Amino acid sequence: MGEAVAPEVVVSREDLLVWYEQMALIRRVEELAAKAYTLRKILGFCHLYIGQEAVAVGAVAALEPKDQLITAYRLHGHALAKGISPRAVMAELFGKETGATHGIGGSMHMASKEHEFWGGYGIVGGHVPLGAGAAFANKYSGDGRVSITFLGDGAAQQGAFYEAICMAQLWKLPAIFVVENNYYAMGTSLERQSFLTDMSKRGAGVGMMHWQFEAFDVVDVYRNIKHAVDHARSGQGPVLLEAVTYRYRGHSMSDPAKYRAEGELDTHKKEHDGLKIVENRLRDLGVSDDEIKAIKDRVAEVAKDAYDFAESSPEPDATKLYDYIYAEP
């Protein structure tokens with residue numbers, strides 16, 4: 001197998017408009033989540049996706065609705081991209097009954113059977129075998145589905161990750177594993193945690209198709225994930241990708257991110273902001289600034305509605321606290 005290069009793709013104006021609106025919505029929902037956290041309306045851990053929106057949106061665009069998505073605890077963007085409503089996401093962050101998992105999962109443990117979105121896990125790297133398991137089920141049933149699993153660069157150092165990719169390659173499972181390299185594992189930069197700084201090359205050790213790509217432009221994300229999905233769905237086996245991205249906030253809301261070099265964040269915002277990249281693409285296609293502003297206004301309204309909905313929603317019924325601990329026989 002080895003490394004690959006994704007072919008170029010043609011993306012329509014309509015697709016770009018949809019993707020831009022999805023990315024803008026993710027960012028605005030996350031900004032309001034940050035506000036709610038400072039007001040103690042959201043409690044516990046809260047890991048924001050601001051800066052990485054192109055990865056989730058471009059990846060989901062390359063999937064079919066029937067495909068499973070599994071991710072770690074920085075999941076709000078993936079949940080929204082997979083189709084869970086802003087209301088359900090925000091209400092879950094608030095711990096309310098109307099949330100995606102009835103207020104029991106919170107920020108790190110959302111799921112939706114309807115949307116084939118399967119979490120949302122707090123154990124670093126512990127969810128990667130679940131992605132392999134979903135792909136095993138797909139191959140066993142022959143249903144033509146693929147699973148896509150997202151993990152951070154820090155999780156690529158964890159033992160369960162290796163075990164999962166070993167089995168996925170051995171059994172030629174229809175799985176895609178995407179390492180979202182946002183430069184830091186909590187507060188530790190990539191070059192201080194790993195001699196190998198291209199996490200996709202970990203796939204070489206098991207003979208898996210793999211490559212690294214820059215993931216700031218949603219079009220680049222789409223074409224790379226689409227190539228991987230086509231490979232996996234055709235029965236040729238799994239793919240390990242590294243999507244180079246960047247998070248604008250700290251690891252979680254409790255992290256002030258003082259470990260960054262001076263000017264680093266500003267440089268990334270200026271040169272690699274995914275929303276600005278799509279805006280420039282849209283302008284090249286004749287979309288006016290007024291049309292872009294209209295999208296931003298619409299997104300702001302939807303996000304505010306989600307915030308207000310979450311705030312006014314009821315608390316979970318305490319008598320149902322243990323209802324989801326065990327499966328019904």
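One table, with the values for the structure above:
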read-out	value
Qualifying residue in segment 81-102 (condition: closer than 26 Å to G286 by Cα, among the charged types (D, E, K, R) and touching a residue at least 60 places away in the same chain (Cβ under 8 Å))	no
Subset of segment 304-329 that is hydroxyl-bearing (S, T, Y) and surrounded by 14 or more Cβ atoms within 10 Å (Cβ to Cβ) - its residue that is nearest to T38 (Cα to Cα)	Y307
Filter result (under 21 Å from T149 (Cα atoms), not aromatic (F, W, Y) and not in a loop (DSSP other than H, G, I, E, B)) within segment 178-196	V178, V179, E180, N181, A185, L190
Checklist (1) free of Cβ contacts under 8 Å to residues at least 40 places away in the same chain; (2) crowded, with 17+ Cβ neighbours inside 10 Å; (3) within 30 Å of I325 (Cβ to Cβ) applied to Q157, failing item	(3)
Single match in A91, A137, A72 (criterion: over 14 Å from the mean Cα position of the chain (by Cα), of a type in the set (G, A, S) and surrounded by 23 or more Cβ atoms within 10 Å (Cβ to Cβ))	A91
Inter-residue pairs, beta-carbon under 9 Å, first on the phi < 0 side of the Ramachandran plot and at pLDDT below 95 and in segment 301-328, second assigned to a helix (DSSP H, G or I) and surrounded by 11 or more Cβ atoms within 10 Å (Cβ to Cβ), 6+ apart	none
Neighbours by Cβ (under 6 Å, 6+ apart or cross-chain): first from segment 257-283, at negative phi; second surrounded by fewer than 16 Cβ atoms within 10 Å (Cβ to Cβ) and in a loop (DSSP other than H, G, I, E, B)	Y259/G187
Single match in R87, R27, R40, R13 (criterion: basic (K, R) and on the phi > 0 side of the Ramachandran plot)	R40
Of all residues making up segment 201-228, the number that are assigned to a helix (DSSP H, G or I) and under 17 Å from the mean Cα position of the chain (by Cα)	10
Qualifying residue in segment 290-312 (condition: under 21 Å from the mean Cα position of the chain (by Cα) and part of a loop (DSSP other than H, G, I, E, B))	no
Residue satisfying all of: in segment 235-258; at pLDDT 90 or above and of a type in the set (D, E, K, R); farthest from G142 (Cα to Cα) among these	R249
Filter result (part of a loop (DSSP other than H, G, I, E, B) and among the hydroxyl-bearing types (S, T, Y)) within segment 249-280	S252, S254, Y259
Segment 82-94, subset in contact with a Ser or Thr (Cβ under 9 Å, 6 or more places away or on another chain) and not in a helix (DSSP H, G or I), residue nearest to T319 (Cα to Cα)	F94
Within segment 160-177, considering residues that are part of a helix (DSSP H, G or I) and not small (G, A, S), the one surrounded by the most Cβ atoms within 10 Å (Cβ to Cβ)	I165
Residue among I104, I84 that is within 23 Å of R247 (Cβ to Cβ), in contact with a Phe, Trp or Tyr (Cβ under 9 Å, 6 or more places away or on another chain) and among the β-branched types (V, I, T)	I84
Enumeration of residues in segment 106-144 that are of a type in the set (V, I, T) and either in contact (Cβ under 8 Å) with a residue 60 or more places away in the chain or part of a loop (DSSP other than H, G, I, E, B) (or both)	I123, V124
Tally of residues being surrounded by 13 or more Cβ atoms within 10 Å (Cβ to Cβ) and of a type outside the set (V, I, T) across segment 254-277	13
Positions within segment 224-248 being closer than 22 Å to L75 by Cα and either of a type in the set (A, V, I, L, M, F, W, C) or surrounded by fewer than 20 Cβ atoms within 10 Å (Cβ to Cβ) (or both), in sequence order	I225, K226, A228, V229, V239, L240, L241, A243, V244, Y248
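The values are calculated or read from the model by the stated rules, or taken from the named source; none is laboratory data. What you see is a predicted model, and the numbers here were worked out from it, not measured in a lab. Note that we place each Cβ from the backbone using ideal geometry, even for glycine, and neighbour counts take in every protein chain shown.
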